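Colleague: My structure is below; once you've seen it, I'll send some questions.
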Amino acid sequence: MFQDNSILCALNIKDNNIKNVSVCDSKINNKGVIKHIKVVKAELSYSLTRCPQCGKNTLVKNGKRITNQRLASFNGMEYHLILKKQRFLCKNCGSTCGAHSDLLVKNHTMTKQIKNRIFDMSRESFTLSSMAKLLGISASTVSRILYGNTKLPERSPYLPENLCFDEFRSVKKVFTFISIDAKTHHLIDLVHDRLSKTLIEHFINKYSLKR
Ligand SMILES: [Zn+2]
C-alpha cells in the first residue's frame, strides 16, 4: 500500500482506486528500432452494485480487462500504463460495464494527464516536435490532440446582406479588421490590415459579386 502511494505520487496519479502498482523497464520494437520504455502495471477496481442500464442493485464483479494507456513522460521516455480494469455484469439485465477512472479518456489510449501536459506546454511556445520529444509521443499525436477536435467555422463564398465591421488591436499591436453578419452575429472575416486598398482587394478576391 505504501509502495502504491509512493509510485502513484511520483507519477502524479490521484486515483485511490488504482492499486497494486509496480514499475519496470521494458523494450518495444518500433519499426525495427528497439525502444526502452517504462511500464507501470496496476489494477483499477472498486465496488459497484447499481446497474447503469436497469438501475437495479444486481451488479457483480465479472473479470478484468487489460488496457494499455500512455502516461506523461518526465524525461522523454515512453511511460505505458498497463491497467487491469474491473468488469461488472448485471444479473438482472445481462449488460456489462467497466470500472472508470478520471485519469482515462474513454476510447483513447492517451490519458488526461498527457493531454493536459500538451495543453500546458502549447501555452509556453513549445513546438510540436519538442513537445513530442519531451513527452515521449509522436508529433502527429501531439498535433491530433491539439487540433483534432477543432471544428473550423464554415465560410460562405457570399457575403450576408448586412455586414457589421470594426477594427481592433490584435497580436503585436497590429490593427485587425473584423466583420460579422449583422443578423446572425456570426464571424465573417478577419483581415490583419486596416487599409481600404487591402480590404477592398481582399473582399473582391474572396467573395463573389453575384447574388
Ligand atoms: Zn442491469
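Colleague: Based on the mean of other Cβ atoms within 10 Å per residue, sort peptides 100-113, 22-35, 181-194 so the most packed one is first. If you can, show how the numbers build up before the last one.
Modeller: Working: 100-113: 15.6, 22-35: 9.7, 181-194: 13.4.
Answer by packing, highest mean first, reads 100-113, 181-194, 22-35.
Colleague: 5 Å is the cut-off here: which amide hydrogens, built 1.01 Å from N in the peptide plane, fall below it relative to residue 78, excluding neighbours closer than 5 in sequence?
Modeller: 38
Colleague: Next up: Using just the helices of the chain, give the 222 nm mean residue ellipticity in deg cm²/dmol: DSSP H runs with n ≥ 4 each add -39,500 (n - 2.57), and the total is spread over all residues, rounded to 500. Don't skip to the end; give the middle numbers.
Modeller: Numbers: 5 runs with 49 residues, N = 211.
Only helices count here, giving -7000 deg cm²/dmol.
Colleague: For a test of the definition: using alpha carbon positions, the gyration tensor, and the 1.5 limit on a/c, classify the range 163-206 as rounded, prolate or oblate. Walk me through the numbers on the way to the answer.
Modeller: Values: a/c = 2.34, a/b = 1.20, b/c = 1.95.
In terms of gyration-tensor shape, oblate.
Colleague: Which order do peptides 79-89, 195-205, 115-125 fall in by mean Cβ count within 10 Å, highest first? Don't jump to the answer; show the numbers that get you there.
Modeller: Details: 79-89: 19.5, 195-205: 11.7, 115-125: 13.5.
Order by mean packing, descending: 79-89, 115-125, 195-205.
Colleague: Here is a further query. What residues have an amide H closer than 5 Å to that of residue 110, excluding those fewer than 5 places away on the same chain, when H is modeled at 1.01 Å from N in the peptide plane?
Modeller: Under 5 Å from the amide H of residue 110 lie the amide H atoms of 70, each far enough along the sequence or on another chain.
Colleague: Straight-line reach from residue 14: which aspartates and glutamates fall under 16 Å, measuring Cα to Cα and dropping same-chain residues less than 8 apart?
Modeller: Cross-link targets: 4, 43, 102.
Colleague: Let me ask something else about it. Tell me the relative contact order for the range 2-104 as a rounded percent, counting alpha carbon contacts under 8 Å between residues six or more apart. Walk me through the numbers before you get to the answer.
Modeller: Working: 197 pairs, mean separation 24.3, N = 103.
Across the range 2-104, relative contact order equals 24 percent.
Colleague: Which FRET efficiency value, to the nearest 0.05, do you get for residue 54 and residue 105 by plugging their Cβ-Cβ distance into 1/(1 + (r/R0)^6) with R0 = 22 Å? List each step's numbers first, then the result.
Modeller: Numbers: r = 27 Å, r/R0 = 1.21.
Between residue 54 and residue 105 the formula returns 0.25.
Colleague: Give the cysteines in the chain for which no other Cys Cβ lies under 4.7 Å away, or write none if there are none.
Modeller: 9, 24, 97, 164
Colleague: Additional query: Give the whole-number value, in cubic angstrom per residue, of the convex hull volume spanned by the C-alpha atoms of the chain. Intermediate results must be reported in sequence, preceding the final value.
Modeller: On the way: hull volume 48.8 nm³, N = 211.
Dividing the Cα hull volume of the chain by its residue count gives 231 Å³.
Colleague: How large is ³J(HN,Hα), in whole Hz, for each residue of the range 94-111 in order, when computed from phi with the Karplus curve 6.51 cos²θ - 1.76 cosθ + 1.60 and θ = phi - 60°, using x for Gly and Pro?
Modeller: Ordered by residue, 3J(HN,Hα) equals x, 6, 10, 8, x, 5, 10, 10, 5, 5, 9, 10, 4, 6, 10, 8, 7, 6 Hz.
Colleague: Shifting gears a bit: Restricting to the chain, compute how many DSSP beta bridges are antiparallel as a %, nearest 5.
Modeller: Working: 36 of 45 bridges.
Restricted to the chain, the bridges split so that about 80 percent are antiparallel.
Colleague: Grab the alpha carbons of the range 2-104, take their convex hull, and tell me the volume per residue in Å³.
Modeller: Values: hull volume 11.8 nm³, N = 103.
Dividing the Cα hull volume of the range 2-104 by its residues yields 114 Å³.
Computed from the coordinates by the stated procedures, all read-outs in this text should not be read as laboratory data. Predicted model only: the values in this text are computed from it and were never measured. When we count neighbours, we look across all protein chains shown, and the Cβ atoms used for this are built from the backbone with ideal geometry, even at glycine.
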